Amino acid sequence: MSEQWRLLQTGYANAFANMAIDKAILVAHSNEKVPPTVRFYGWAPPAISIGYFQSLVEEIDINACHRLGVDYVRRITGGGAVFHEKELTYSIVIAESHPTIPKNILKSYARVCGAVMKGLQQLGISSEYAPINDIVTDGRKISGNAQTRKLKTVLQHGTVLMDVDVDTMFSLLKVPNEKIKDKLIADVKQRVTSIRHCLGKEVSFKQVAGAMKGGFEEEFHVDLIEGVLTDEERNLAKQFENESFSTKEWNQRR
Amino acid sequence: MQSRSIYKVPQGKLLKITLDYDETKNVITNIRITGDFFVYPEEALEHLEKKLKNICLERKELQEQISSVISKYHIEFIGLNAESLAQGIMMCVS
């Protein structure tokens, strides 16, 4: 019989709650309170997340975010700024010591990305892993991923783009050189794609989630059993949301 | 004196450095290293920033100090490395 992992479908939440829930699962799993967990979620309102090492004010036009009703949050993972709107976001939390997870960090990125690629394949989209942390189809990015390792536990989360709005994204992000902004936007439009663009039709969040469930099960040879956050996880998440992710101290720390 | 640099690490990520330094003594007084790279463990980057204070703005000395902090704190960089960090810092003063 296959190993059973937990699947959480937490639906849409705001940026602070979303990041807090991922961290709460990491802590709960490190205390052996919950099984390895795969989570699918979305963002409402839309939000920008920045990598742990990025400078908030250098990356994001905060006034534009306020004007357009877009939240912003610093992740506990490194990597770049992401505009989360029409996408499915996944996270996976699993002990570093689990035999299925390569000790080598880059290899473990590739392994988890393999699950996303198998999920995309179920939707009819062939893709490949593009180190360091992207998945591309026909050379264009369809998924970005970021991993941290804390408390002997791996947390990787990433996006699966269902649709993409590069113009809105660039109205929210700062660019190092305003003069070349138009060219940059044109370049990014060439380099990024989405499920809708690949298939020429809208695919629902539920359909993408179904495909991704299959992808993770196939990659890791497990059964994902739908579950819920424990009370302890919900309390931890509330605590992390209030004490860090929603605070100026956390978000503007760099 | 404050200076900034933006450096695309070859085969890596975008490194942004804000450097405060003492021109007469040619040493770093404060440094902030930002960008879309990965550091394991993440908190180690703040140690590295502290350990670069009062270090001489010479490429060789910078690389040695960065490498020694990397080994002391068992830091793993992805999309960044000691040479590129030294390069980004030296770009602030060149």
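Every number here is computed from the coordinates shown, using simple stated rules; none is lab data. This is a predicted model, so every value here is computed, not measured. Here Cβ is always computed from backbone atoms with ideal geometry, including for glycine, and neighbour counts include all displayed protein chains.
Take each residue of peptide B:28-40, count the partner chain Cβ atoms within 10 Å of its Cβ, and average: the result is 5. Paramagnetic label reach from A:Ser97 (point 7 Å along Cα→Cβ; backbone nitrogen cut-off under 14 Å): within the stretch A:133-154, residues A:151-154. Computed FRET efficiency, Cβ-Cβ of B:Lys51 and A:Glu32, R0 35 Å: what is it to the nearest 0.05? So the FRET efficiency works out to roughly 0.50.
Rank B:Leu80, B:Tyr7, B:Leu62 by how far each Cα sits towards the positive end of the charge dipole of chain B (+1 on Lys, Arg Cβ; -1 on Asp, Glu Cβ) and give me just the farthest. With unit charges placed on the Cβ atoms, the residue in question is B:Tyr7.
Across peptide B:12-18, the average count of Cβ atoms from other chains found within 10 Å of a residue's Cβ is 3. Counting only aspartates and glutamates at least 8 places from A:Lys118 when in the same chain, those with an alpha carbon closer than 14 Å to its own are A:Glu128, A:Glu217, A:Glu218, A:Glu219. Highest mobility in the GNM of chain A, judged by mean-square fluctuation with C-alpha springs under 10 Å and restricted to A:Gln156, A:Gln147, A:Gln190, is found for A:Gln190.
Residues A:Lys33, A:Lys150 in ascending order of nearby Cβ atoms (within 10 Å, fewest first): A:Lys33, A:Lys150. Taking amide H atoms as placed 1.01 Å from N in the peptide plane, the amide H of A:Ala95 lies under 5 Å from those of A:Val154, each 5 or more residues away in sequence or on another chain. Among A:2-12, B:77-87, A:197-207, A:128-138, the peptide with the highest mean count of other Cβ atoms within 10 Å heads the list, and the full ranking is B:77-87, A:128-138, A:2-12, A:197-207. Shape call for the stretch A:44-219 from the C-alpha gyration tensor, a ≥ b ≥ c root eigenvalues: rounded (a/c under 1.5), prolate (a/b greater than b/c) or oblate? Taking the square roots of the gyration eigenvalues as a ≥ b ≥ c, the stretch A:44-219 is oblate.
Label-to-label distance for B:Tyr73 and A:Asn242 is 3.1 nm, based on points extended 7 Å past Cα in the beta-carbon direction. Residues whose amide H lies under 5 Å from that of A:Leu173, counting only those 5 or more places away or on a different chain, are A:Asp61; hydrogens are built 1.01 Å from N in the peptide plane.
Using the alpha carbons alone, the radius of gyration of the stretch A:22-64 stands to its Kirkwood radius in an Rg to Rh ratio of 1.13. Pairs from the list A:Lys103/A:Lys238; A:Lys23/A:Lys248; A:Lys86/B:Lys16; B:Lys16/B:Lys51; A:Lys23/A:Lys181; A:Lys23/A:Lys141 with a Cα-Cα gap above 23 Å: A:Lys103/A:Lys238; A:Lys86/B:Lys16; A:Lys23/A:Lys181; A:Lys23/A:Lys141. Once each part is reduced to its C-alpha centroid, what is the distance from the stretch A:107-137 to the stretch A:201-252 in angstrom? First find each Cα centre; the distance between them is then 18 Å.
Computed as a quarter of the hull surface, the mean projected area of the alpha carbon convex hull for chain B stands at 5.1 nm². In the stretch A:44-219, a dipole from Cβ-located charges (positive for Lys and Arg, negative for Asp and Glu) runs towards its positive end, and of A:Gln121, A:Leu184, A:Thr77 it is A:Thr77 whose Cα lies farthest in that direction. For chain A, the dipole from Cβ point charges (+1 on Lys and Arg, -1 on Asp and Glu) about the Cα centre works out to 460 debye, to the nearest 20. Put in order of Cβ neighbour count within 10 Å, fewest first, the listed residues A:Leu68, A:Leu88, B:Leu14 become A:Leu68, B:Leu14, A:Leu88. Pull out a ≥ b ≥ c, the square roots of the eigenvalues of the alpha-carbon gyration tensor of the stretch A:123-200, then state rounded if a/c is under 1.5, prolate if not and a/b is larger than b/c, and oblate in the remaining case. In terms of gyration-tensor shape, oblate. Taking other C-beta atoms within 10 angstrom as a stand-in for reagent exposure, B:Tyr7, A:Tyr41, B:Tyr73 fall in the order B:Tyr73, B:Tyr7, A:Tyr41, fewest first.
Seen through its C-alpha gyration tensor, with square-root eigenvalues sorted a ≥ b ≥ c, the protein assembly as shown comes out prolate because a/c lies at 1.5 or above while a/b is bigger than b/c.
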